[in-house]
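I have placed the structure first, in the form of structure tokens, so that the comments after it can refer back to it.
A short reminder: the numbers here are calculations on the coordinates, not readings from a lab. Source: prediction; values computed, not measured. A quick note on method: Cβ atoms are made from the backbone with ideal geometry, for glycine too, and the neighbour counts reach across all protein chains shown.
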Amino acid sequence: MTSSPDDVTVVVRGGLLDIEILIQDATRNHQIYGVFGISVFAAKDLTVDELAQLPPLVRFAQITLMRAGAVRAAGLTLEPTGRNPRHYDVTFADLSEGVRALVSCEHVVHDNPYHEE
């Protein structure tokens, strides 16, 4: 079983923390898995630069970076999905509060130089 990343690990979300997109993604996750969740990747055994070159992150012109500790400090959890050892869902019980908490996490946005249409 994959463990949750430590507080200093960078987690990467493809795209911006756009509230409407986050609500759509979290709702879709809830319909499928029964929990509100937002997909992220943890830079545990690769650098952020290496992650940005891989699918699905290569599809995004921009990537959003935040520390796992900032996510947890906002009252959110990081749950391994089992799909990929680097893939996690940021999970929360209440859709509006959870999305608001994620958007308020300290984060930075970078252009993805490896972006492919």
As I understand it, the value is the acute angle between the Cα axis of helix 19-33 and the longest principal axis of the Cα atoms of the chain; what does it come to in degrees, rounded to 10?
70
Could you give the alpha-carbon Rg of region 10-108 over 2.2 N^0.38 Å, rounded to two decimals?
0.98
On Cα atoms only, tilt of 95-104 relative to the major axis of the chain in degrees:
40
Quick check for me: using +1 on Lys/Arg Cβ and -1 on Asp/Glu Cβ, what's the dipole size of the chain about its Cα centre, in debye to the nearest 20?
220
Farthest toward positive dipole pole in the chain [+1 Lys/Arg, -1 Asp/Glu at C-beta], among Ser39, Leu57, Thr77:
Thr77
Take the alpha-carbon centre of region 60-115, take the same for region 1-46, and report the distance between them in whole Å.
5
How far apart, in nm, are the 7 Å Cα→Cβ label points at Ser4 and Glu106?
1.9
